[in-house]
Amino acid sequence: MLSRKVAAQLKELETPFYLYDINLLRQTLESVSSESKKYGYKVHYAIKANNDDYLLSIIKEYGIGIDCASGNEVRKAIESGFAADTVVYAGVGKRDKEIRYAIEQGILAINCESIEELQVVNQIAGEMGKKADVGLRVNPDIDPKTNRCIDTGQADSKFGISYDEILEEAELIKSLENINIIGIHIHIGSQIRELHVFENMCNKANAIVEKLESLGFKFRIVDVGGGLGINYDVPENEPIPNFASLFAIVHEYLNVGDKEVHFEFGRSIVGECGELITSVLYNKTTATGRRLLIIDASMTELIRPMLYGSYHNIENITSQEEVCKKYTVVGTACESTDVFDENVSLKKSKRGDLLAIKSAGAYGRSMASQYNMHDLPRGVYSDQLCEK
Ligand code: LLP
C-alpha cells in the first residue's frame, strides 16, 4: 500500500486529500487491456467513478473508451481527448440538450432507457438532420448479489427498458427513422464479487439478442456494462481485480457470433489506486463509553460508508505505538451519520496522526460535496507527489 511507504512525505501536506498510486493504476490498465485484447473485447472506463484529469490522461494512453452518465460527462470525455466513437452514454433521465450534444458529437451509442426516450432521441436527431446511433438498454431482471443500493438490473429498477416492453413495442422502435439501433446494453450492478452472476447475464443476453434479431433488429454491439468488484476487506491481497476470470466467463457463456462485445468498468479500474489521507484531529469518549476518533475528512470527501453502509479498510500510517485500540471513526460534518466505521482496530491514535482510508479511488472524489462549505478534496499523485 502506497501511503504507508510515503507516510513521511505525506506528513508535509495539508489533509484531507486523495493519494493516487499511479503505478498501480498503470498495472491495472495493462491488465484490463491485455486480457481484453485476447478476446477482441472493447473496454470503456466509467468516468462517473473518478473524473480526475490526470487519471483520465493516463487511462487514455491505454486506448480505452469512456462510459458516461450525463451530458457533462460526455463533454469531459471529448474535451479530455477521447475519440467520440469510443464514448457511450447511458442514463434514465437524459435532458434534451444532453441528447443534442451527444448526437452533435457523434458518439458511439446513446444507450436509451425508455421507449419515450427513444422517441425523443429520434425526434431531436430528425430536427438536427442526423441519424443517431442508439443502444437499447435492456433490464435483464438479474440479481447481481451485491449491496441492494447499487444493483441496477432487477425487474423493478429504474434502469433499462423491460424486455417485455421492448417486445411489445418492437414495431414502433423499428419505425423510428432517425435512429440506428446498433446494439443492446445491459448493466446489472456494481461491486459484484460473485462472478457466476455474469453467467446468468450472458445467458439472458443470448436470449434477448436472439429474440430481437428474429424480430428484425440487427445488432453490431453487445455492451455488457461494468460491475466487477474489488477487495475492500483486504485490498493488499488483490490490488488488481481479476479481469481475466470475468472475460473468460463472458467468452464461455456469451454466444452472440461476431458482434463486438463491450465492457464499462469503473471501480475495477480506479478503485484500488486511491486512498483518502486524513489527519486525526481529536480523541474523545462519549458518556456511553464510545471512543471517538475525530478526523479531518468527512462524508463530504467520501460518502460511501454513510450512503450505502460500505466498508473501507482504515489504517493509521504514522503511529509508532505498539498497542491497538478500538475506535469509532467520525468526520467533521454536521451530521450524526458522518461515521466512517465503528469498532475499528487502529494503532493507538493521537492528534496529528495520518490515517489512510483505502480503496477510495472510485466513487470517492467524484461524489464529494461542499456541504458545510467544505473545500473539495484535491489529488496527490505518486509519480509527482505534488498537489494538483
Ligand atoms: N455502466 C453503467 C451503465 C453504470 O451505471 C455503471 C455504474 C458502470 C458502468 C460502472 O460500474 P462499476 O464497474 O464501477 O461497478 N456510487 C456507487 C456505485 C454506483 C455505480 C453506478 N453505475 C458506489 O460507490 O458503490
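The values are calculated or read from the model by the stated rules, or taken from the named source; none is laboratory data. Quick caveat: nothing in here was measured; it's all calculated off a predicted structure. Cβ: placed from backbone, ideal geometry, glycine included. Neighbour counts: every protein chain shown. Just the protein is used for accessible areas: all its heavy atoms, side chains included, with ligands, DNA and RNA removed. Shrake-Rupley method; radii C 1.70, N 1.55, O 1.52, S 1.80 Å.
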| message | Please go through segment 122-168 and give me each residue that is open to solvent by less than 30 Å² (accessible area, probe 1.4 Å), among the hydrophobic types (A, V, I, L, M, F, W, C) and over 16 Å from residue 98 (Cα atoms), ordered by number. | response | 136, 138, 142, 150, 161, 166
| query | How about segment 331-343: which of its residues are buried (at least 22 other Cβ atoms within 10 Å of the Cβ) and in contact with a Ser or Thr (Cβ under 8 Å, 6 or more places away or on another chain)? | reply | 331
| task | Please specify each residue of segment 124-141 satisfying the condition of being more than 18 Å from residue 167 (Cα to Cα) and either modelled with pLDDT under 95 or not in a helix (DSSP H, G or I) (or both). | result | 128, 129, 130, 131, 132, 133
| query | Across segment 106-121, what is the number of residues that are aliphatic (A, V, I, L, M) and surrounded by fewer than 23 Cβ atoms within 10 Å (Cβ to Cβ)? | reply | 2
| Meets criteria (open to solvent by 30 Å² or more (accessible area, probe 1.4 Å), within 16 Å of the ligand (Cβ to nearest atom), under 19 Å from residue 224 (Cβ atoms) and not assigned by TED's automatic domain parsing to the domain that holds residue 294) for residue 69 | yes
| query | Which residue, of 20, 54, 39, is open to solvent by 10 Å² or more (accessible area, probe 1.4 Å), more than 15 Å from the ligand (Cβ to nearest atom), touching a Gly at 6+ places or on another chain (Cβ under 8 Å) and of a type outside the set (A, V, I, L, M)? | reply | 54
| remark: When residue 254 is run through (1) within 28 Å of residue 7 (Cβ to Cβ); (2) in the same structural domain as residue 36 (by TED's automatic domain parsing); (3) not acidic (Asp, Glu), the failure sits at (1)
| query | Would it be correct to say that residue 95 is over 17 Å from the mean Cα position of the chain (by Cα), within 11 Å of the ligand (Cβ to nearest atom) and open to solvent by 10 Å² or more (accessible area, probe 1.4 Å)? | reply | no
| If you take the residues of segment 190-207 that are within 16 Å of the ligand (Cβ to nearest atom) and open to solvent by less than 10 Å² (accessible area, probe 1.4 Å), which of them is nearest to the chain's Cα centre (by Cα)? | 192
| request: Please state which of the following conditions residue 49 fails to meet, knowing it meets all the rest: (1) open to solvent by 20 Å² or more (accessible area, probe 1.4 Å); (2) out of contact with any strand residue (DSSP E or B) (no Cβ under 7 Å at 6 or more places or on another chain). | output: (1)
| Do you know which residues across segment 262-274 are more than 9 Å from the ligand (Cβ to nearest atom) and open to solvent by less than 10 Å² (accessible area, probe 1.4 Å)? | 262, 273, 274
| note | When segment 234-252 is checked residue by residue, the ones that are away from the ligand (no atom under 15 Å from the Cβ), in a loop (DSSP other than H, G, I, E, B) and among the polar types (S, T, N, Q) are none
| task | Working carefully through the options 255, 231, find the one that is in a loop (DSSP other than H, G, I, E, B) and over 27 Å from residue 21 (Cα atoms). | result | 255
| Quick check, is residue 114 over 30 Å from residue 311 (Cβ atoms), without any contact (Cβ under 8 Å) to a residue 60 or more places away in the chain and among the hydroxyl-bearing types (Ser, Thr, Tyr)? | yes
| request: Answer yes or no as to whether residue 215 is in contact with a helix residue (DSSP H, G or I) (Cβ under 8 Å, 6 or more places away or on another chain), hydrophobic (A, V, I, L, M, F, W, C) and more than 16 Å from the ligand (Cβ to nearest atom). | output: yes
